[in-house]
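J.: First, the structure itself, so that you have it in front of you.
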Amino acid sequence: MKQTKKGQVKGKAMFLAVMLLAVVACSPASLQKTGKQGGGWQKLFNGKDLKDWVVKIHHHEVGDNYAQTFRVKDDVLQVNYDDYKTFNERYGHLFYKTPFSSFHLKWEYRFTDQWLKDAPSYTYRNSGIMFHSQSPQSILKEQDWPISVEFQLLAGEGDGKPRPTGNMCSPGTDVVFEGKVDDRHCINSSSATYAWNQWVKAELIVLGDSLVTHLINGDTVLQYTRPQIGGGVASNYDPKIKQDGKRLTQGYIGLQSEGQGIEFKEIMIKRID
């Protein structure tokens, strides 16, 4: 049907109003307040043991929790190196047993005073949570990092220099940042710098293969879109897994061990419809 000029103006106004509502509905605040989240919060960590979690450490087979790297003590989940003699590039991850697509994840973390001196210097007061990861069963024995996206966790090094936390790193992946595919391995957030032994609250809101939001202590510190396979850093993976350009619509969540001790608690998730 042919529209009059008045009708066209009215139609454009309605279109803009609908688009604005869509943007607001997808914002982190709206997802938490308007019932767009599916079901209630689910505990991923029960505070007692590692039930429902799967370990994969570089140089070791799936399920081998070398030297009890991941352990539970005093109701917190620890990355602990008490029983290590050397690090020997044992980059590790503790994966939850099932994958997620659209979700709101929250947790608290703090670093410990453990750091193995034969670990790379960049691992000092550095850890992370991986998401949209390949399954632990598909990670080869000599593969260092899983093809995934990382919510990077950092703390100040004690030199007074800013060191934001809640950054994005991309082993074997790419993201779209500020309107274009960004080939940097890590993109810094706008967060403050926190002391290593301070409990910090972190949140991750993922809408499938579209919008990803990082929050620290309740503040949005980073947003990007379209997580996809690509880029470098990860090595010794099965080439069938690394299909560059493939959008990541879902995957596994994993806690990282890189030679720096860290503690996690209150790990909760809510699926988003």
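The values are calculated or read from the model by the stated rules, or taken from the named source; none is laboratory data. What you see is a predicted model, and the numbers here were worked out from it, not measured in a lab. Positions of Cβ are backbone-derived with ideal geometry, glycine not excepted, and every protein chain shown enters the neighbour counts. The protein model used for the area step is the full one, side chains on, heavy atoms only, and it has no ligands, DNA or RNA in it. Shrake-Rupley method; radii C 1.70, N 1.55, O 1.52, S 1.80 Å.
J.: Scan the range 75-102 for residues that are of a type in the set (Ser, Thr, Tyr) and either open to solvent by 30 Å² or more (accessible area, probe 1.4 Å) or within 30 Å of residue 207 (Cβ to Cβ) (or both) and jot them down.
T.: Within the range 75-102, 86, 91, 96, 98, 101, 102 qualify.
Listed here are the residues, each with its yes/no results for (1) under 20 Å from residue 235 (Cβ atoms); (2) part of a loop (DSSP other than H, G, I, E, B).
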| residue | (1), (2) |
| --- | --- |
| 42 | no, no |
| 54 | no, no |
| 62 | yes, yes |
| 67 | no, no |
| 72 | no, no |
| 77 | no, no |
| 81 | no, yes |
| 89 | yes, yes |
| 95 | yes, no |
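J.: Looking only at the range 119-136, which residues are in contact with a strand residue (DSSP E or B) (Cβ under 8 Å, 6 or more places away or on another chain), open to solvent by 30 Å² or more (accessible area, probe 1.4 Å) and more than 24 Å from residue 106 (Cβ to Cβ)?
T.: Residue satisfying the conditions is 124 alone.
J.: Scan the strands (runs of 3 or more DSSP E) fully inside the range 185-273 and keep the ones with 2 or more residues being within 30 Å of residue 66 (Cα to Cα).
T.: Output list reads 200-207, 252-257, 260-272.
J.: If you don't mind, another one. Going by the structure shown, is residue 149 open to solvent by 10 Å² or more (accessible area, probe 1.4 Å) and under 16 Å from residue 228 (Cβ atoms)?
T.: no
J.: Return the pairs, sorted by first residue and then second, in which the second residue is open to solvent by 70 Å² or more (accessible area, probe 1.4 Å), the first residue lies in the range 169-182 and is more than 17 Å from residue 133 (Cα to Cα), the beta carbons are less than 6 Å apart, and the residues are 6+ apart or on different chains.
T.: Hits for this filter: 176/226.
J.: Which condition does residue 183 not pass, out of (1) open to solvent by 40 Å² or more (accessible area, probe 1.4 Å); (2) of a type outside the set (Phe, Trp, Tyr); (3) at pLDDT 95 or above, if it passes all the others?
T.: Going through the list (1) open to solvent by 40 Å² or more (accessible area, probe 1.4 Å); (2) of a type outside the set (Phe, Trp, Tyr); (3) at pLDDT 95 or above, residue 183 breaks only (3).
J.: Of all residues being crowded, with 18+ Cβ neighbours inside 10 Å and either of a type in the set (S, T, N, Q) or under 17 Å from the mean Cα position of the chain (by Cα) (or both) in the range 232-253, which is farthest from residue 59 (Cα to Cα)? Just the residue, please.
T.: Filtering the range 232-253 for residues that are crowded, with 18+ Cβ neighbours inside 10 Å and either of a type in the set (S, T, N, Q) or under 17 Å from the mean Cα position of the chain (by Cα) (or both), the one farthest from residue 59 (Cα to Cα) comes out as 248.
J.: Between a first residue in the range 60-80 that is more than 17 Å from residue 254 (Cβ to Cβ) and in contact (Cβ under 8 Å) with a residue 12 or more places away in the chain and a second residue that is of a type in the set (Asp, Glu) and open to solvent by less than 30 Å² (accessible area, probe 1.4 Å), which pairs have beta carbons less than 8 Å apart while being 6 or more apart in sequence or on different chains?
T.: 76/263
J.: Any idea which of 144, 174 is closer than 25 Å to residue 67 by Cα, modelled with pLDDT of 95 or more, open to solvent by less than 40 Å² (accessible area, probe 1.4 Å) and of a type in the set (D, E, K, R)?
T.: Just a single option satisfies the conditions, and that option is 144.
J.: Could you look through the range 108-118, keep only residues that are open to solvent by 10 Å² or more (accessible area, probe 1.4 Å) and of a type outside the set (Ser, Thr, Tyr), and pick out the one that is farthest from residue 197 (Cα to Cα)?
T.: Within the range 108-118, the match that is farthest from residue 197 (Cα to Cα) is 118.
J.: If you don't mind, another one. What about residue 256, is it out of contact with any His (no Cβ under 7 Å at 6 or more places or on another chain) and at pLDDT 95 or above?
T.: Against the criterion (out of contact with any His (no Cβ under 7 Å at 6 or more places or on another chain) and at pLDDT 95 or above), residue 256 does not qualify.
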